[in-house]
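The values are calculated or read from the model by the stated rules, or taken from the named source; none is laboratory data. All figures in this text were calculated on a predicted structure; none of them were measured in a lab. Cβ atoms come from the backbone with ideal geometry, glycine included; neighbour counts cover every protein chain shown.
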Amino acid sequence: MARVISVCNQKGGVGKTTTSVNLGAYLAALGKRVLLIDFDPQANATSALANHSFDLNIYHGILNRVHPEHLIKPTPVLNYQFIPSSNDLAGALIELVNEEEREYFLRKFVNSIRHKYDYILIDLPPSLSLLTVNGLVASDEVLIPVQAEYYGLEGLGQLLKTIDVIKNNLGHNIRIAGAVITLFDKRERLPRQVAKNLRRNFPHTVFNVEIPRSVHLAEAPSFSQPILTYEPNSSGALAYRRLAEELIETEIPRFDENRFGNLNA
C-alpha cells in the first residue's frame, strides 16, 4: 500500500515541481514502484516528463470520466509512472464548488489505485485553493520544499496553518514528512543562515540534504527528463538521490508474517 505524499508550498518558485519529478525518479531507481500525479493546472510536472500534452488527464480522473489505467503514463525510468495534468484542471474549481464532499474527489481517485504502488507523489499548485485541499486530504504526508531565503520561511508558516485547518475542520490527520531546503548556494551567507534558522526552529523533520542551485536541474525539464537520466552525475542529481534515501529511511517497518510465522498459532 502506497505512502501518499503531497509536495506542497503555497509560495511559488521554491522548486516544488523539480522536487516532485526528481524525487519520484530516484525512489524508483532505488527499487520502489512510484506514481507521480500532476495536480497543478500549470502542468509543469507533465512537461518535465513528456514533450507533448495528453487528451486525458487527472481532471477526467477525479470526475470519474475515465478509468485510472487510461491516464497512467510511463517515464524514462523503470517503475516510475505519472498521471498528466492540463489547464482543464482549473475548471474543476468551478465544477466541484457545489458538490458534496468536494474536498475528497482526489482522495477517492487515489484510494482506487494506491495498492499498486509503494509511493504516490502529488505535485500541488502553489496556492491555497480547493485543488490544494483535495491534494492534502488525499495524502498521508506532506513534503515541503523551502527555498533558502527569508520569504521562503514566511510561506512555510502559512502552509503549516493550512494543514492545521485541514486537521481541525476535516478531521484528516495528515503528517508532515519534513521540509527540504532547495535552491541552496552554500557559498552565500544568507542561505546558510536561513538553513540554520530552519533547522533550529522548525518543529518537524528537516532533511539533512540541501538541494543546490543547479543549471542541470533547470535544463532537464526542457528535455522532458528527470535529472537521473539527463545528468546523473551532477550535484543536483546526487542531492535528489540522497533525499530519496532519507525519505525511504523514514518508512514504518512492515510486519512480515512469512518471516516470523503466526505468533497466535
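The table below gives the values:
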read-out	value
Wholly enclosed helices (runs of 4 or more DSSP H) of the range 103-210 bearing at least 3 residues of a type in the set (Phe, Trp, Tyr)	none
In the range 48-71, the residues that are under 20 Å from Gln225 (Cβ atoms), in contact with a Lys or Arg (Cβ under 9 Å, 6 or more places away or on another chain) and either in a loop (DSSP other than H, G, I, E, B) or β-branched (Val, Ile, Thr) (or both)	Ala50, Phe54
Test: residue in the range 31-38 that is crowded, with 22+ Cβ neighbours inside 10 Å, in contact with a strand residue (DSSP E or B) (Cβ under 7 Å, 6 or more places away or on another chain) and more than 20 Å from Asn134 (Cβ to Cβ)	yes
Sole residue being touching a helix residue (DSSP H, G or I) at 6+ places or on another chain (Cβ under 8 Å), in contact (Cβ under 8 Å) with a residue 60 or more places away in the chain and more than 22 Å from Glu246 (Cβ to Cβ), chosen from Leu23, Leu49, Leu56	Leu49
Which listed residue, of Leu71, Leu160, is free of Cβ contacts under 8 Å to residues at least 24 places away in the same chain, surrounded by 21 or more Cβ atoms within 10 Å (Cβ to Cβ) and of a type outside the set (Phe, Trp, Tyr)	Leu71
Checking Gln42 against (1) closer than 18 Å to Pro126 by Cβ; (2) among the polar types (S, T, N, Q); (3) buried (at least 20 other Cβ atoms within 10 Å of the Cβ), the condition it does not meet	(3)
Residue that is surrounded by the most Cβ atoms within 10 Å (Cβ to Cβ) [pool: residues in the range 74-94 that are part of a strand (DSSP E or B) and touching a Lys or Arg at 6+ places or on another chain (Cβ under 9 Å)]	Phe82
Counted residues, the range 4-33 - those being within 11 Å of the chain's Cα centre (by Cα) and either in a helix (DSSP H, G or I) or over 26 Å from Glu149 (Cβ atoms) (or both)	10
Number of the exception - Asp38 against (1) modelled with pLDDT under 95; (2) within 23 Å of Val146 (Cα to Cα)	(1)
